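S.K.: Before anything else, here's the structure in question.
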Amino acid sequence: MSEINERIDALETRLAYQDQTIEQLNQTITAQWKQIDALTRQIAQLGERLQEAEANAPGPANERPPHY
């Protein structure tokens, strides 16, 4: 009977550590998704700014080369 109690205690201890690890992993994943979302928005904004800059800047295709 003592052996069974020891095994149950060991399993309960492992379960407690696993629950703690799962919670830490969940927090890490949540933080990473928030960071990914922020970076995705930032990339989209930079893409828009680049398109605006390209549209407003005179392009080399519209200019004559200096030797003309």
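Bear in mind these aren't lab numbers, they're just calculated from the coordinates by the rules spelled out. Bear in mind that the values here come from a model prediction, so they are computed numbers and not experimental data.
S.K.: Report the gain in length on full extension from Ile22 to Lys34: 0.36 nm times residue separation, minus Cα-Cα distance, nm rounded to one decimal.
M.R.: 2.5 nm
S.K.: Let me check I have the definition right: for the chain, take the eigenvalues of the Cα gyration tensor, multiply each by 5, take square roots. What are those semi-axes in whole Å, largest first?
M.R.: The answer is 65, 10, 4 Å, longest axis first.
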